[in-house]
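*Asks:* Before I ask anything, here is the structure I am working with.
Read-outs throughout are calculated quantities, based only on the coordinates presented, and are distinct from any laboratory measurement. Quick caveat, the model's predicted, so the values are computed rather than measured. Heads up, the Cβs are rebuilt from the backbone with ideal geometry, glycines too, and the neighbour counts pull from every protein chain shown.
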Amino acid sequence: MCRVLAYIGPEIPVNSLLLSPDNSLINQTLDPELHPLLQLAGWGFGAWSEHLLRPEKPLVYRRPMAAFYDDNAEGIIPSLQASTLLAHVRAAGYDAGVVLADENCHPFSYQETPWIIAQNGDLPHWLILQRELLAHCKDTYLAQMRGTTDTEFLYVLLLSLLEGNSNEDVQRAFEKMLTVIIEAQRKLDLVSLTKLKIALVTQDRIIGVNYGAGPDGETHPSGDWQELRKSEPGSDELALGMLLEPMYVLLGTNFQDYEDSYEVDVRSAEDATSAIFASEPLTENDEDWLPLNFGEIVFLEKKDGALTRTTRQLNL
């Protein structure tokens, strides 16, 4: 599993989101708290800012190397600020079969859609599952696919299932996506644990999804994720625990006042001006972070300086 961080709020230096905190996303390349592996297969970010020449478009940067080796990071990032950001560090198997290329780094961004995507998850056997899933994919998105990752294919599939950009449209598309995936798995006798922990982002909006299916294709697997996460590396129990664990949301104000950290003045959604959506809590007081539990979708939006947060159960 990779690591994801998304932000909406007042314009702030991108440095304060990606570089300066001790437990910054880039530092999670080497030391993720809730993941047993290093994140060495690449990194990237997409950022919106009113100071860009095309403020309605994200500036997307991706490199196929461990983030801490990228000498561009400290050259580019300190010159940027953003009001919306999606960033990602990529984990992949430690073997020669992993393709390290710009095209395989998140976030993915296509023409003819306002959305960019990143995830920490896994769709096993996705190359073979395409035999069934391609029927649901639109040519306009397939023609833009360049890489060899399950996440980019999920992006194509999700965009193809979207009938609009409202929260309701997006939720229905996510629900439909898992349905067609499980149907394809059963038809091809490839049912397996499927982990979909996704951040879908556009300007001033973050939609976070935490869902998937258990090893038998069940959409409501059971277990205590904290106990399961104590299991041996590589075990089925650990995989189930990683499927069931939450993702997290932090809401607050005055992010800019807490130098070199992810601290904020914690507030409810009604009073907050900024939000972070992340794979794991990024401050010492993890009680400030609201869990997005397995089977849930969260909608975060900034409009006229105010923030809204809506969390729903997915209909699976």
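*Asks:* To the nearest 20 Debye, how big is the dipole of the chain about its Cα centre, given +1 on the beta carbon of each Lys and Arg and -1 on that of each Asp and Glu?
*Replies:* So the magnitude is around 1100 debye.
*Asks:* Helix 167-187 versus the longest principal axis of the chain: what angle, 0 to 90°, nearest 10, using Cα atoms?
*Replies:* For helix 167-187, the angle is close to 30 degrees.
*Asks:* Kindly provide the pair-distance distribution of the range 240-316 built from C-alpha pairs, with 5 Å bins from 0 and whole-percent values in order of increasing distance.
*Replies:* Reading upward from the zero bin: 3, 15, 24, 23, 18, 10, 5, 1, 0.
*Asks:* Could you pull the Cα extents of the range 183-248 along its three principal axes, largest to smallest, in whole Å?
*Replies:* 39, 34, 19
*Asks:* Cross-link list 187/230; 195/230; 138/230; 230/303; 57/138: which exceed 30 angstrom alpha carbon to alpha carbon?
*Replies:* Values: 187/230 34 Å; 195/230 18 Å; 138/230 42 Å; 230/303 41 Å; 57/138 22 Å.
In this structure, 187/230; 138/230; 230/303 exceed 30 Å between Cα atoms.
*Asks:* Based on Cβ point charges of +1 for Lys and Arg and -1 for Asp and Glu, what charge dipole magnitude is obtained for the range 268-316 about its Cα centre, in debye rounded to the nearest 20?
*Replies:* 360
*Asks:* Considering the chain as a Gaussian network with a 10 Å cut-off on Cα pairs, which listed residue, 82, 239, 143, attains the greatest mean-square fluctuation?
*Replies:* Comparing 82, 239, 143 in the GNM, the peak value goes to 143.
*Asks:* Also, I was wondering about something else. So what is the diffusion coefficient of the range 213-269 in µm² per second by Stokes-Einstein at 4 °C and 1.567 mPa s, using a Kirkwood Rh over Cα pairs?
*Replies:* For the chosen part, D equals 93 µm²/s.
*Asks:* Using only Cα atoms and rounding to the nearest 10 degrees, what angle (0 to 90) does helix 150-161 make with the longest principal axis of the chain?
*Replies:* 90
*Asks:* Hey, how many Å between the Cα centroid of the range 12-26 and the Cα centroid of the range 153-178?
*Replies:* 31
*Asks:* Another question about this same structure. Once you treat every alpha carbon in the chain as an equal point and sum by Debye, what is log10 I(q)/I(0) at q = 0.07, 0.10, 0.14 Å⁻¹?
*Replies:* Debye curve over Cα of the chain, log10 I(q)/I(0) at q = 0.07, 0.10, 0.14 Å⁻¹: -0.24, -0.51, -1.08.
*Asks:* To the nearest whole percent, what portion of all C-alpha pairs in the range 139-288 is separated by more than 18 angstrom?
*Replies:* Pairs farther apart than 18 Å: 68 percent.
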